[in-house]
Amino acid sequence: MQNFSTEALSDPDDIQEPLQAHFKPGIAPDDIEQVFRLKRAQPLLQAFTALFHGGFDGVLLRLLVLGELAGDTASTALTRADINARLGYLDADKLETVLARLRSHHLLSWDAAQGVYRVSPAARNVLAAIDNLMALGQGDDDAEMGFLLSQVAGAQAVGGVGVEQLQHLLGRLVDLTEEFSDAIASGSEFRLRAAQAKWHTACDWVEKGSEIIHAITNDPRADDATHRAAQAIGRAQGKLLNMQGMFSRALNQIERQRVHLGQSGLSTTDIKTWLMRQENLASLAEGAISVPVTPLFITPSEMVDVAESELIADRIATVESALPSGEDVRVEQTDAASMPVELDAWLTRLAGFNGNPGAPVQDALLPASFAVASYRASLLPLLGDESEAALQGGTATMARLPLEFTPGDRMVKLDDPQVAAISKATLSPKTEKQTVSPE
């Protein structure tokens with residue numbers, strides 16, 4: 001155990017500065033209501049400082065000694081011999097250091113005339129508060145609600161409940177409501193069920209707290225601020241209780257979306273629950289996979305091809321479906337061409353390849369700028385496309401041309417200012433049997 005002076009020197013917060021140094025210029029600490037309230041409780045706060053200042057081992061030892069001495073109900077006066085007998089498992093020098101610290105902070109009183117120690121009332125109050133918190137908070141987060149309610153109930157029983165105690169309880173209710181709302185919004189079945197179980201526990205505390213809040217609101221001694229805080233707690237409790245329907249709807253939605261594996265009765269939730277209970281997931285694959293897994297990746301090109309085929313299938317289905325009844329529409333004069341001028345001119349040029357078998361594709365694409373040549377090259381695969389030929393427009397006209405596009409794998413260098421090289425490909429006229437008939 002470290003002695004008191006070493007603990008004080010090791011704590012950087014022990015550097016003493018006037019309270020005024022922590023406030024802005026022109027603001028007096030005594031003008032702040034909470035500062036006055038804390039100053040008024042200085043003896044109690046010093047008692048907590050005496051117990052909890054320093055490292056954890058020192059704190060644990062002081063609580064152990066003070067708890068052992070306060071637990072002796074046979075006599076309120078304890079001689080040093082009684083203390084040594086009760087704490088005989090502690091080193092005598094270390095025990096003397098702890099007793100001196102507790103005595104200097106008035107947690108223990110020393111009666112020099114009789115030569116006995118007595119546990120002070122402040123020490124018993126501090127130990128009672130700590131024991132109450134430890135009893136309710138055995139790793140259970142829901143017990144915070146119970147501790148806050150016990151503080152409010154105890155204060156109400158002695159007629160001293162304050163706005164601060166009610167605000168702590170209100171803050172916890174708001175925290176729980178937000179936590180449950182986040183769980184519902186997450187859509188996770190596991191979070192929802194865990195939150196619902198916690199909600200049921202919170203509702204038990206709410207039921208007990210409703211009686212306390214009812215007593216406070218009907219207490220003529222309570223001031224307006226206390227009444228307002230109690231009413232706010234009542235509204236927060238009502239909002240918390242109304243979340244039962246939200247939990248039920250969210251769980252029913254998940255139940256409708258649950259996937260079952262064949263006729264086995266197993267669902268994906270059952271499998272996930274089983275997997276979460278396994279300590280070593282990697283061990284499940286031992287002996288199950290004989291060859292390495294080869295991942296397959298899809299590139300944007302394949303994604304575009306799939307999307308294009310789906311789009312074309314929808315368009316064909318639309319064309320093949322029955323047309324709606326006609327309606328009279330207003331005829332307007334427009335100067336816009338039925339197809340782009342560039343495409344129209346190029347289609348006329350392609351028609352001249354009917355009698356030129358095996359013509360190099362660059363003869364049809366050039367001369368032109370790189371952008372125009374690229375645009376023309378992207379349209380060549382449409383030649384002979386039956387699905388496109390069933391439609392209307394410039395690309396459909398191109399698909400119905402009696403030409404066959406044959407691409408190659410090699411590149412051909414060109415003497416062109418815009419295009420340096422192009423894939424080797426040819427354009428040939430189709431026979432009468434291969435020609436796509438226009439619809």
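Of note:
- For the stretch 31-103, the residue among 35, 102, 65 whose Cα projects farthest onto the positive side of the dipole built from Cβ charges is 35.
- Isotropic mean projected area of the C-alpha convex hull, the stretch 380-433 (nm²): 4.9 nm²
- Taking the three principal axes of the alpha carbon atoms in the stretch 341-429, the coordinate ranges are 37, 26, 22 Å, sorted in descending order.
- For the stretch 4-131, the normalised intensity computed at q = 0.22 Å⁻¹ comes to -1.35 (log10 of I(q)/I(0), Debye sum over alpha carbons, equal scatterers, no solvent).
Throughout, read-outs are computed from the coordinates displayed, never taken from laboratory work. Because the structure is a prediction, the values reported are computed rather than measured. Cβ atoms come from the backbone with ideal geometry, glycine included; neighbour counts cover every protein chain shown.
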